[in-house]
1. When the residues of the range 285-307 are filtered to those that are in a strand (DSSP E or B) and within 16 Å of ligand 1 (Cβ to nearest atom), which remaining residue is surrounded by the most Cβ atoms within 10 Å (Cβ to Cβ)?
2. Would you call Ser129 under 16 Å from the mean Cα position of the chain (by Cα), polar (S, T, N, Q) and more than 14 Å from Val285 (Cβ to Cβ)?
3. Pull out all pairs, ordered by first then second residue, where Cβ-Cβ is under 7 Å, the residues are six or more apart or on different chains, the first lies in the range 83-111 and is without any contact (Cβ under 8 Å) to a residue 12 or more places away in the chain, and the second is β-branched (Val, Ile, Thr) and surrounded by fewer than 18 Cβ atoms within 10 Å (Cβ to Cβ).
4. Against the definition (of a type in the set (Gly, Ala, Ser), more than 16 Å from ligand 3 (Cβ to nearest atom) and either in the same structural domain as Glu256 (by TED's automatic domain parsing) or not in a loop (DSSP other than H, G, I, E, B) (or both)), how does Ala162 come out, yes or no?
5. Going by the conditions given, is Ile282 surrounded by fewer than 18 Cβ atoms within 10 Å (Cβ to Cβ), hydrophobic (A, V, I, L, M, F, W, C), within 16 Å of ligand 3 (Cβ to nearest atom) and under 23 Å from Leu169 (Cα atoms)?
6. Considering the range 88-109 alone, what residues qualify as being within 23 Å of the chain's Cα centre (by Cα) and farther than 16 Å from Ser129 by Cα?
7. Residue by residue through the range 200-223, note down the ones that are assigned to a strand (DSSP E or B) and closer than 27 Å to Arg183 by Cβ.
8. Would you check which residues across the range 128-141 are outside any loop (DSSP other than H, G, I, E, B) and surrounded by fewer than 16 Cβ atoms within 10 Å (Cβ to Cβ) and list them?
Amino acid sequence: MTRTTRTHLRQVVVAAALMALAAVPAAHADLAVQHDSTVVTETAGNGNGIPEPGDTVAVTENVMSVDPDQVFSGVSGTLATSFAGATVSSASSAYADLAFATPVGNASPYSVAMSSTMECGVAVPMTLSLQTSAGPTGVGFDLPTGAAGSFAAYDSAAVPRAIPDGDSLGVSSDLTISGSGGRVKGLRVRIGHITHTYDGDLTLILISPDGRTVKLVGGKGDSGDDFVDTVFDDNAASTIRSTTPAPFTGTFKPAEPLSVLDGAPLSGSWTLKVVDNSSGDIGTVDAWGLNIARAICAPQPSPQPPPPPPPHDCGNGNGAGNSKAKPAKPQHDCPKK
Ligand SMILES: [Ca+2]
Ligand SMILES: [Ca+2]
Ligand SMILES: [Ca+2]
């Protein structure tokens, strides 16, 4: 086998390994490199600074070592996406060494072009494959698109629902949103009323139409009764704590972030699942709803208009030759002869 062939074979093997990595990033999770944060900057498009369909964006993906005993050196990244509406045009970059708990970004920005036909609000899934002196690894992250529109309120009609006592299957109450679709860019959950004589029995979970789950609260309130006008919002100051008294009236941070629902389809069947984990006390889901901000995107600039027609020659030879000095007048302004 020639040197060239061996090199080529090695490249093919590496390429195959990268493809496998993109498909199954969890297989390399033991290398202890994690996603930290992503910085997205619009570099071409409609110029409003918001990543949107039709824009090209520069991407800095900050990663870090979560292994206190290892510094990763010789790090290089290759960015890819399996999403049909996006194209990575600058995919490769070096990274400085990854020391424990210190985020490091790609030395040269990645570039991603988003198709003008992709849906506003979609979070574009990206895979960053990393080569290091300790072996290959990878991280996944999303590129969000669009801005949040105004919130609209939706209420579940599937109430009341009895909560089965001490049953891990729980009860599901649906909230169906019909209409023109769109994607979520912000979401709050309103628990108008749950009647229950021992809140500490309960776990509340929201499920999106595409199957994403968010735990809102679980096992809080001890023997306290009911939920009354409880709102879950990522922007709230704190979660429901062990010391928070029932019935939890007010606005609280959910146990898990609702932001994972950004990019989910708005239309379809949302579900509030309520599980009663302990026998003895019972209750019902009486009223709940969602406040959802739909993703909105600004249009891309119109194509350049065609050049104006040549000025009308009124028959006295002052047409094209003088067009720079005198703009053409409409035809009806020609002097009468
Ligand atoms: Ca934009
Ligand atoms: Ca009680
Ligand atoms: Ca119970």
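1. Ala295
2. Here the answer is no, as Ser129 does not meet what is asked.
3. Correct list of pairs: empty, since none qualify.
4. Values: of a type in the set (Gly, Ala, Ser): yes; more than 16 Å from ligand 3 (Cβ to nearest atom): no; either in the same structural domain as Glu256 (by TED's automatic domain parsing) or not in a loop (DSSP other than H, G, I, E, B) (or both): yes.
The answer is no for Ala162.
5. Yes; evaluated as a whole, the condition is true for this residue.
6. Pro103
7. Passing the criteria: Leu204, Ile205, Leu206, Ile207, Thr213, Val214, Lys215, Leu216, Val217.
8. Start the filter on the range 128-141 by keeping residues that are outside any loop (DSSP other than H, G, I, E, B), which leaves 128-132, 135-141.
The answer is Gly135, Gly140.
The values are calculated or read from the model by the stated rules, or taken from the named source; none is laboratory data. If you're wondering where the values come from, they're calculated on a predicted model, not measured in any experiment. Quick reminder, even Gly has a Cβ in these numbers, built from the backbone with ideal geometry, and neighbours come from all protein chains shown.
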